[in-house]
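Visitor: Okay, handing you the structure first.
What follows is calculated from the coordinates using simple rules that are stated; it is not laboratory data. Everything quoted here is computed from the prediction, not taken from an experiment. Please note: Cβ atoms are built from the backbone with ideal geometry, for glycine as well, and neighbour counts cover all protein chains shown.
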Amino acid sequence: MPKVIFIDPEGIEHRVDATVGQSLMRAAVDSQVPGIEAMCGGNCICATCHAYIEDERLATLAPPDATERDMLECTSEPRANSRLCCQVPMTEALDGLIVRVAASQH
Ligand code: FES
């Protein structure tokens, strides 16, 4: 089972098991990673699952669609490596991915 390493806003590392096909958001919520609120339940309409993907692996992800890009622009601290965790499905290839949870989910 692939693992995701979430780093919460306090800088604490959480090593989480993720099922292939499951979103990063669901893996984080199921493991109670602090900072991922996921208020819309994964429907890409709240941006409260905002996180930063490690730069080295960002290009291996399918790019965000227009809806996700629009939502990311609404976040308080968007960066080039910003993603909404509910829009990134886990794969075996992403084993060990490092995801930094954004400090503010508004
Ligand atoms: S959970 Fe709402 S946008 Fe991701």
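Visitor: Rounded to the nearest 20 Debye, what is the dipole magnitude of region 3-101 about its Cα centre when Lys and Arg each give +1 and Asp and Glu each give -1 at the C-beta?
Guide: 80 debye
Visitor: Can you tally the net charge around residue 57? Count Lys and Arg as +1, Asp and Glu as -1, for every other residue whose Cβ sits under 12 Å from the Cβ of residue 57.
Guide: That works out to -3.
Visitor: Give, as ranges by residue number, the residues of region 24-45 whose backbone N falls under 11 Å from the point 7 Å along Cα→Cβ of residue 67.
Guide: Output list for this probe position: 42-45.
Visitor: Here's another thing I want to ask about it. Would you order 7, 12 from fewest to most other beta-carbon atoms within 10 Å of each residue's own beta-carbon?
Guide: Ascending number of Cβ neighbours within 10 Å: 12, 7.
Visitor: Order by neighbour count: 100, 69, fewest other Cβ atoms within 10 Å first, most last.
Guide: 69, 100
Visitor: Ok, one more. Net charge near residue 24: determine it from the other residues with C-beta under 13 Å of the C-beta of residue 24, scoring Lys and Arg +1 and Asp and Glu -1.
Guide: Neighbourhood net charge equals 0.
Visitor: Would you mind ranking 95, 65 by Cβ crowding within 10 Å, fewest neighbours first?
Guide: Sorted ascending by nearby Cβ count, the order is 65, 95.
Visitor: I want the local charge near residue 83. Using Cβ-Cβ distances under 15 Å, sum +1 for each Lys or Arg and -1 for each Asp or Glu among the other residues.
Guide: Neighbourhood net charge equals -3.
Visitor: Here's another thing I want to ask about it. Which of rounded, prolate or oblate describes the chain when judged by the alpha-carbon gyration tensor and an a/c cut-off of 1.5?
Guide: rounded
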